[in-house]
Amino acid sequence: MKLARLTALLFSISTVTQESERVTKRSISIDSVRELHAHLIRAHLYKDPSSISQVIRSYALSPPFLDKARLVFAQIERPTLLVWNHMINGLSRSDQPSEAIHMYTCMYHQGLSGNNLTFIFVLKACARVSDFVTGQKVHLHALKLGFGSYLFVSNALIHMYASCGDLGLAQKVFDRMEERDLVSWNSLICGYSYRSSFNEVLRLFEAMRAANVRADSVTMVKVILACAHLGEFEIADSVVKFIEDNHVGIDVYL
Ligand SMILES: *[C@@H]1O[C@H](CO)[C@@H](O)[C@H](O)[C@H]1NC(C)=O
């Protein structure tokens, strides 16, 4: 049994993950956005959705400027889907994800249909606040519009249902997918892990290997945790060996 090695490895995996998250975060030059915004105001184009769209996107994705994005958004007479999406996206990442849900609901009541991106963003917000009721409504809207078979929409649905604690529905969405990627597997594995369904984590990991999907550090952390909980040290050892042999986590995110 190599518990010490396991712990050291878990620690190094999470450090690598955090490190890469930091590196991939792009810094938006907010100064140039403000300059563009000022220019659009001078040119009387600040109510024009197509001109202002990029400004809204940048403000909405930059947390200190999110309120500014809302002000600019409020001045637009007929926001396009693109503009709505920027707002819903920004709000879904912010510390007020329920506002993204509110924004989506407003859009829906105005008779505007979302696209795949809208559904991905609003489902993320539903996941963050565990809003199962809206999540299910959004699922229905997506199905009606034909986005149910989209890979990233399905992934967002799995994540939403798992975050709301309904692993049954998460599994159902997963089972019906024609195509799955690493995120599909990880979303379900993370859901089961969070609910302490460790046997399910190992079952999925086996199925994942059988399907020839390459696991990453997210998968591995959950699998090792499951092994530790279930006392499956033989599996844990083989996983550790797999990680060491394949340098999992180091090449995936950087
Ligand atoms: C959204 O749909 C468009 C076309 O329908 C596609 O090109 C794009 O890759 C999709 N994006 C995501 C994130 O699903």
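The values are calculated or read from the model by the stated rules, or taken from the named source; none is laboratory data. Note that this is a predicted model, so its numbers are computed, not measured. No Cβ is skipped: glycine too gets one built from the backbone with ideal geometry, and neighbour counts run over all protein chains shown.
How about region 156-182: which of its residues are touching a helix residue (DSSP H, G or I) at 6+ places or on another chain (Cβ under 6 Å) and exposed (fewer than 14 other Cβ atoms within 10 Å of the Cβ)?
From region 156-182, those touching a helix residue (DSSP H, G or I) at 6+ places or on another chain (Cβ under 6 Å) are 156-164, 167, 169-170, 173-174, 177, 179; that's our starting set.
The answer is 179, and nothing else.
Hey, among 183, 122, which residue is at pLDDT 95 or above and within 23 Å of residue 222 (Cα to Cα)? Quick ask: steps written out before the conclusion?
Details: 122 fails: within 23 Å of residue 222 (Cα to Cα).
On inspection, the qualifying residue turns out to be 183.
Look at residue 180 and say whether it is farther than 26 Å from residue 56 by Cα, basic (Lys, Arg) and within 17 Å of the chain's Cα centre (by Cα). Let's see the steps before the verdict.
On the way: farther than 26 Å from residue 56 by Cα: yes; basic (Lys, Arg): yes; within 17 Å of the chain's Cα centre (by Cα): yes.
When the stated conditions are applied, residue 180 passes them.
Between 214, 203, 209, the distinction of being more than 28 Å from residue 126 (Cβ to Cβ), in a helix (DSSP H, G or I) and more than 15 Å from the chain's Cα centre (by Cα) belongs to 209 only.
Condition check ((1) within 13 Å of the chain's Cα centre (by Cα); (2) away from the ligand (no atom under 16 Å from the Cβ); (3) not hydrophobic (A, V, I, L, M, F, W, C)) across all residues:
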position	(1), (2), (3)
124	yes, no, yes
148	no, no, yes
152	yes, no, no
169	no, yes, no
175	no, yes, yes
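Beta carbons closer than 6 Å, at least 6 apart along the sequence or on distinct chains, pair a first residue in region 182-199 that is in contact (Cβ under 8 Å) with a residue 24 or more places away in the chain with a second that is surrounded by fewer than 16 Cβ atoms within 10 Å (Cβ to Cβ) for 198/229; 198/230.
Kindly check whether there is at least one residue in region 131-150 that is of a type in the set (Ser, Thr, Tyr), under 16 Å from residue 104 (Cα atoms) and in a helix (DSSP H, G or I).
In the first step, residues of region 131-150 are kept if they are of a type in the set (Ser, Thr, Tyr); the result is 134, 149-150.
Applying the additional criterion that residues be under 16 Å from residue 104 (Cα atoms) yields 134.
Those left that are additionally in a helix (DSSP H, G or I): 134.
Looking through region 131-150, at least one residue is of a type in the set (Ser, Thr, Tyr), under 16 Å from residue 104 (Cα atoms) and in a helix (DSSP H, G or I).
Only one entry of 134, 118 meets the criterion of being hydroxyl-bearing (Ser, Thr, Tyr), within 16 Å of the ligand (Cβ to nearest atom) and either crowded, with 23+ Cβ neighbours inside 10 Å or closer than 26 Å to residue 86 by Cβ (or both), and that entry is 118.
Of all residue pairs spaced 6 or more apart or on separate chains, those with beta-carbon atoms under 6 Å, a first member in region 222-239 that is exposed (fewer than 15 other Cβ atoms within 10 Å of the Cβ) and a second member that is not aliphatic (A, V, I, L, M) are 229/198; 230/198.
Hey, among 107, 87, which residue is within 30 Å of residue 190 (Cα to Cα), in a helix (DSSP H, G or I) and away from the ligand (no atom under 16 Å from the Cβ)? 87 is the lone residue from the list that is within 30 Å of residue 190 (Cα to Cα), in a helix (DSSP H, G or I) and away from the ligand (no atom under 16 Å from the Cβ).
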